[in-house]
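Notes follow once the structure below has been shown.
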Amino acid sequence: MIRNCIRVPKDRGEEVRRELLERNMLDSSAQISAEDEYLYIPLADSTQEENTKVFTDICENITFMLYEFKKQTGQLKLENLLDTVPHFEIIGDIALIEEDTPEPGVVADAIIKVKKNVRTVLAPLGPVEGEFRTRRFRTIAGEDKTSTIHKEYGCRYHIDLEKAYFTPRLATERSRILAQIKDGDTVADMFAGVGPYSIIIAKKSPLIKVIAIDKNPSAVQFLKKNIELNATYNVKAIEGDAIHEAKRLEASADHVIMNLPHNAHKFLDAAMQICARNAIIHYYDINPQNDLFDSSLKLIEEAATKAGKICQLLDKRVVRSYAPYQFNVCIEVEII
């Protein structure tokens, strides 16, 4: 079976495969193939070459091409049970389907049948909303619960999906940030949630200090549980508003993580206050396709000037698509 594919060096294959899976761009009906030092990863029929350019941020040596694959056999797949496989994501032993999924009961039963680790299928009752960015769910199949333990890159996170926001779609992004942190660094995670950035960074080395802040009491409660669960006692959990906490953390951080899309700009003055000399800010936003970076970068530069500092752009990248013509982006700057 001939399919469009990405040819990628073997040492970057798992990272690219995970990204393709998260973006619904992986063709699971074909077996991934290996040849010499490369992996050939099959792409879904709807994936065009321009869709794959985002992966050059992960690995420059990527080629879009045709390749003959063997058919995936022997394992029951959702395609065997459903005419159309809808988008869903798995957090721990919970599968989340979209609110408008047709025939949700049929889909949920198929997911539980195929994904043996899934014990619950949930659908949201509405969008993420409110100061703490939470949402409510209804149980479609399986156990009636919203709490689970999610595993990611060797870390475990106890989560209640109705009490604190969490998405597995940023796993690769969290790993990318981790690679930039070195022994002796102090990291301020301004909107830590249950700790997906803080925990993985702290686990890298006990010589790294992480200050994890969140305003949501439930999120901080789970954050503290996750510190215990992962024995990352170099994380200091703080329940509070990052704006107020910045006064106590002045000039303390070598890295400042601002993962609060839509609202991070409101906290830029606080971030400047937290930055030590030559600190790096990892700033996340949701922006339209026609203005991916410029408006956000201007806000960062204005905040730096206001604080009497210089802002130097290090990197800007699309993290994932968020909605039609809307993208989750990351801008990284050094504050001098």
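The values are calculated or read from the model by the stated rules, or taken from the named source; none is laboratory data. Quantities reported herein were computed from a predicted structural model and do not represent experimental measurements. Heads up, the Cβs are rebuilt from the backbone with ideal geometry, glycines too, and the neighbour counts pull from every protein chain shown.
A few remarks follow.
Results for (1) within 25 Å of residue 318 (Cβ to Cβ); (2) free of Cβ contacts under 8 Å to residues at least 60 places away in the same chain; (3) not assigned by TED's automatic domain parsing to the domain that holds residue 136, shown as yes or no for each residue.
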| position | (1), (2), (3) |
| --- | --- |
| 27 | yes, yes, yes |
| 43 | yes, yes, yes |
| 46 | yes, yes, yes |
| 84 | no, yes, no |
| 87 | yes, no, no |
| 93 | no, yes, no |
| 111 | no, yes, no |
| 118 | no, yes, no |
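- Of the strands (runs of 3 or more DSSP E) lying entirely inside the stretch 1-118, those containing at least 3 residues that are within 25 Å of the chain's Cα centre (by Cα) are 2-9, 38-42, 88-91, 94-97.
Quick grid of which residues meet (1) under 23 Å from residue 267 (Cα atoms); (2) modelled with pLDDT under 95:
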residue	(1), (2)
109	no, yes
114	no, yes
122	no, no
128	yes, yes
132	yes, yes
156	no, no
160	no, no
164	yes, no
188	yes, no
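- Taking the stretch 265-336 as the region of interest, the strands (runs of 3 or more DSSP E) fully inside it that hold 1 or more residues being of a type in the set (Lys, Arg) and touching a residue at least 24 places away in the same chain (Cβ under 8 Å) are 275-288, 311-323.
- Test for residue 318: is it of a type in the set (Val, Ile, Thr) and crowded, with 19+ Cβ neighbours inside 10 Å: no
- Filtered by the rule that a residue be surrounded by 17 or more Cβ atoms within 10 Å (Cβ to Cβ) and among the hydrophobic types (A, V, I, L, M, F, W, C), the stretch 98-111 gives 107, 108, 110, 111.
- Helices (runs of 4 or more DSSP H) contained entirely in the stretch 173-251, each with at least 1 residues that are touching a residue at least 60 places away in the same chain (Cβ under 8 Å) and surrounded by fewer than 22 Cβ atoms within 10 Å (Cβ to Cβ): 217-230
- Within the stretch 252-282, considering residues that are among the polar types (S, T, N, Q) and within 23 Å of the chain's Cα centre (by Cα), the one surrounded by the most Cβ atoms within 10 Å (Cβ to Cβ): 259
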